[in-house]
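Accompanying notes for the structure given below.
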Amino acid sequence: MTVTKESVIERLKTVNGPDFTGNIVDLGMVSEIFIADSKVFFSITVPAARAQELEPLRAAAERAVKAIPGVASAVVALTAEKKGGGMEAPVPPRPAPPRPAAPQPAPPRPAPHAPASQSHGKRGVPGIDAIIAVASGKGGVGKSTTAVNLALGLAANGLKVGVLDADIYGPSMPRLLNIHGRPQTVDGKVLKPMQNYGLKVMSMGFLVDEETPMIWRGPMVMSALTQMLREVEWGPLDVLVVDMPPGTGDAQLTMAQQVPLAGAVIVSTPQDLALIDARKGLNMFKKVDVPLLGIVENMSYFLAPDTGKRYDIFGHGGARREAERLGVTFLGEVPLEMGIRESSDAGAPVVASKPEGAEAKIYRDIASKVWDRVQEERSAAEAAVPSIVFE
């Protein structure tokens with residue numbers, strides 16, 4: 001049975017608004033509804049101060065939609081609109097809570113120097129041994145092309161590899177890997193990843209048309225990312241490469257905080273402006289204790305095809321110097337090469353389409369260095385765990 005927006009809206013009209021005043025649809029609290037492969041996505045806008053209190057309302061809306069025949073699953077997020085945004089007025093203020101009979105003792109404070117738990121909220125993904133993030137401080141530096149060729153390089157080196165396209169607003173993997181169609185589901189609950197060139201792949205680009213703009217707020221993006229990560233039958237993988245969104249916004253930070261990343265690879269071009277943004281990405285991962293696997297300098301130089309003369313169009317060596325300054329591994333230089341661009345646009349990345357070429361060798365070498373760094377970080381983490389000896 002085909003699920004329609006109209007049927008979802010009618011069902012949501014049965015969900016009471018806050019304090020039982022009307023329903024959430026008539027109160028204007030429901031966002032645009034998105035339906036893909038019998039999965040329903042939408043958000044409910046509530047006052048920021050009442051977000052935690054109104055979690056049962058979100059759960060009720062989710063249950064109501066899941067009960068519609070033909071709905072495989074529903075992703076419902078609470079979002080908060082700032083005052084004056086047009087969404088707070090319909091929700092009446094809650095009554096003041098009764099004053100307690102006696103003052104309640106304040107909760108104990110943590111020790112002033114006690115470190116926060118870095119693993120809080122992080123849990124592994126079944127079937128995936130390691131997760132690597134490929135990130136950049138800004139767009140336009142070739143991050144997605146680097147991510148897909150890195151994944152293919154890891155696979156060429158004998159690993160079982162998957163790719164998660166975490167760039168919700170600008171998914172690139174369907175085009176880069178020449179994958180078309182919609183993913184299937186397992187028992188209507190878990191998505192099967194799409195496949196090509198030996199990679200298992202999941203992307204929002206498989207669920208919406210290429211030219212459809214995504215206008216979701218942050219919580220909706222994170223709900224979609226969580227579903228693509230944890231509700232996909234990845235199967236046994238040695239490594240999942242995550243093509244992160246560009247920049248250092250809420251989606252990137254939350255992903256870094258909640259996903260057990262084995263490490264991060266930063267992609268930059270040589271010029272100073274790109275390196276400024278790359279530093280932001282590096283610092284973000286440092287703050288959430290994600291190991292930095294290294295820096296890749298993309299579009300590092302250009303070799304004229306007719307003369308073989310080298311041109312440093314964007315400068316050269318900036319990423320290497322930055323890596324040395326920060327004590328981070330420099331993973332390699334990728335040239336500004338027409339073949340890389342053409343093969344990417346054609347959905348045949350160079351590591352897969354020209355495995356014996358010079359560019360493919362560069363990516364395989366980078367992949368080897370990245371995997372070596374993952375093993376180094378694991379060994380360091382294991383060595384840091386104190387052992388308990390019983391005498």
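The values are calculated or read from the model by the stated rules, or taken from the named source; none is laboratory data. Bear in mind that the values here come from a model prediction, so they are computed numbers and not experimental data. Methodologically, a virtual Cβ is constructed for each residue, glycine included, from the backbone with ideal geometry; neighbour enumeration extends over all protein chains shown. Side chains included, ligands, DNA and RNA excluded: accessible areas come from the protein's heavy atoms. Shrake-Rupley method; radii C 1.70, N 1.55, O 1.52, S 1.80 Å.
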| Gly332's amide H: which non-local residues (gap 5+, or another chain) put their own amide H closer than 5 Å, with H modeled 1.01 Å from N in plane and none for Pro or chain starts? | Glu297
| message | Going by amide H atoms built from the backbone, whose H comes under 5 Å of the H on Ala77, apart from near neighbours? | response | Phe42, Ser43, Ile44
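Using 0.36 nm times the number of residues separating Gln52 and Ala36, minus their current alpha carbon distance, what extension gain do you get?
Roughly 3.0 nm would be gained on extension.
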| Karplus (6.51, -1.76, 1.60) ³J(HN,Hα), θ = phi - 60°, over the range 258-263, in Hz, Gly and Pro reported as x | 9, 9, x, 6, 6, x
| field | Heavy-atom accessible surface of the range 321-360: percent carbon and sulfur, 1.4 Å | value | 51 percent
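In the structure shown, do any of Lys66/Lys160; Lys280/Lys354; Lys13/Lys189; Lys39/Lys287 have a Cα-Cα gap over 28 Å, and if so which? Intermediate values should be presented prior to the final figure.
Details: Lys66/Lys160 35 Å; Lys280/Lys354 34 Å; Lys13/Lys189 25 Å; Lys39/Lys287 35 Å.
Lys66/Lys160; Lys280/Lys354; Lys39/Lys287, as the Cα separations exceed 28 Å there.
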| Given a Förster distance of 51 angstrom, what is the FRET efficiency for Asp129 paired with Asn16, based on the Cβ-Cβ distance and rounded to 0.05? | 0.65
| remark: accessible surface per residue for the range 1-57, probe 1.4 Å, DNA/RNA/ligands not counted, whole Å² -> 49 Å²
